[in-house]
1. For Glu137 and Asp157, compute 0.36 nm times the residue count separating them, minus their Cα-Cα distance, and round to one decimal in nm.
2. Counting only protein chains, not ligands or nucleic acids, how are Glu162, Glu30 ordered by accessible area (probe 1.4 Å), most first?
3. Starting from the Cα of Ala43, step 7 Å along the direction of its Cβ; do the same at Arg205; then give the gap between the two resulting points in nm.
4. Sorted from largest to smallest, which semi-axis lengths in Å does the alpha carbon gyration tensor of the chain give for its equivalent ellipsoid, taking the root of 5 times each eigenvalue?
5. With label points built 7 Å along Cα→Cβ from the Cα atoms of Lys300 and Ala33, find their separation and express it in nm.
6. Near Leu8, within a Cβ-to-Cβ distance under 9 Å, what is the net charge of the other residues, with Lys and Arg +1 and Asp and Glu -1?
7. What list of ³J(HN,Hα) couplings, whole Hz, do you get for the range 373-384 from phi and the Karplus terms 6.51, -1.76, 1.60, once you set θ to phi - 60° and write x for glycine and proline?
8. Cα centroids of the range 275-340 and the range 1-46: how far apart, whole angstrom?
Amino acid sequence: MSAPKLSLTTTAATDAAVDAVIIGTVQDGEHVALAPGGEQVDAGFDGTLAGVLATLGASGKPDEVVKVPTMGRLRAGVVVAVGLGKADDLDANQVRRASGVAARALAGTRRAVSTLSTVDLQAAVEGTVLGAYAFTEYRSEPGDAPLERLDLVSPADGTAKEHRATLKASTAIAEAVTTARDLANTPPNDLFPASFADRAAALGRSAGLEVEVLDEKALRKGGFGGVLGVGMGSSRPPRVVRLSYRGPKARKKVALVGKGITFDTGGISIKPAANMEEMTSDMSGAAAVIASVVLAAKLKYPLEITATVPMAENMPSGAAYRPGDVLTMYGGKTVEVLNTDAEGRLILADAIVRACEDDPDYLVETATLTGAQIVSLGRRTAGVMGSDDFRDRVAAIANATGEGGWPMPLPEELRGDLESKLADLANVTGHRWGGMLAAGLFLREFVPDGLPWAHIDVAGPAFNNGAPYGYTGKGGTGVPVRTIAAVLADIAENG
Ligand code: BES
Ligand code: MN
Ligand code: ZN
């Protein structure tokens, strides 16, 4: 996929040699008004632009796009007015979302200029790159090409040098999200554990990371019973990939872990046929942590980071693990499998124990782990569990990035329901109540006491099975890459 070429400009949007000029609109009470940054464009219309937009039915509400032909008033042929929503206290999320809407509306256009960047440059960059994203790898006719070039009008505050640094960093962040989207959108016949490991290793090597790939033989030797158990039913054996980045002057060590189920049929506890194809994205957590460690290296965060990524395909077959099997996990704990569809927590447990052998200061783990996440929080808000303080910190950061997350508890009474009649632990509770929390409690058994730990369940947020909105198209969303990137930046800055 090719991202639009972005550059900063100080040329007035009225004089820019482009095809389209993007401005923001806001809801000012009952009326549509122009957002900051649109003043010069409005002057080109002799101050009539808000009135023209009102005549065309514009309201300034989020996701609204109204196009106005310039009739020679500007060099560009058209003004694209995108709604930001309520006017008071415009925030980054409004700019990111509107920039995404504009980028989608401008597919097939060669060159545009945006004034939304004067409100928030980073948000305009992220929204543009993400909104312009299209996954066309498997189409014979790719359709409208994404917007080719976008000039971003520099904000009034700050220096040109600061703006260039913001453009560079936010482009890298957005491209990490598109890397995660590409992986999630690649179909399961092409993305299976070995090919996924190859792609992760290639991404890691090109970023200068240390790469370790454990194949099935190494996993057997190491005793990775969770990964091996889940992977047994597939003709395509499992992998564990480790990507390590050692930053300059690193004072903190962060372990990242992400669920890499390349396809989840449920195994012998098989899923219903309806929508099973969406389980191609059951490796979104893995994709996010791979993209995040590569990004951290690109942005030279002063941290030590290792992503430990278990990869397996959950299939039913004559070789598959069964309900009733007892697995000996990496590190020696035993788990009775009562449902082979609760496979994510099994591969994650092995990876968490391995990751914590390195003695990290923080553990951030993410997974498309439970349908119960979607039941409790909907499709766009991740459930964040873990140790109290770090959980709250990660949830707050998830909201600030616009990805969305909410702190959730790990109620003690549910822990009792994970007792097994013969092993140390069962992989499910045997009832539906608090399914997301029960999965979190299962994982907690494998996390060392006292380690700041966050578990981000992105079952809904990682995949958009509805219509495009804002900067999010259909399919893989790349969530929670921006949350992880912001958590890493926060740890780098504040410890
Ligand atoms: N990958 C699924 C969770 C999921 C469901 C992700 C829907 C995205 C959309 C996971 O492996 C799973 O099957 N979880 C079970 C757990 C249950 C058996 C305790 C679930 O949520 O039904
Ligand atoms: Mn499952
Ligand atoms: Zn799964």
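1. Values: separation 20, 0.36 × 20 = 7.20 nm, distance 4.01 nm.
Extra length from Glu137 to Asp157 when fully extended: 3.2 nm.
2. Details: Glu162 100, Glu30 175 Å².
Putting Glu162, Glu30 in descending order of accessible area: Glu30, Glu162.
3. Going from the Ala43 label point to the Arg205 one covers 5.5 nm.
4. Numbers: eigenvalues 384, 94, 85 Å².
Working from the Cα gyration tensor, I get semi-axes of 44, 22, 21 Å.
5. Here the modelled spin labels are 4.3 nm apart.
6. Details: positive: Arg164; negative: Asp151.
Local charge sum for Leu8: 0.
7. 4, 5, 5, 7, 10, x, 7, 10, 10, 6, x, 10
8. 44 Å
The values are calculated or read from the model by the stated rules, or taken from the named source; none is laboratory data. This one's a predicted model, so the numbers in the text were calculated from it and none came from an experiment. Every residue, glycine as well, gets a Cβ built from its backbone with ideal geometry; the counts of neighbours run over all protein chains shown. What goes into the accessible areas is simple: the full protein's heavy atoms, side chains included, and nothing from ligands, DNA or RNA. Shrake-Rupley method; radii C 1.70, N 1.55, O 1.52, S 1.80 Å.
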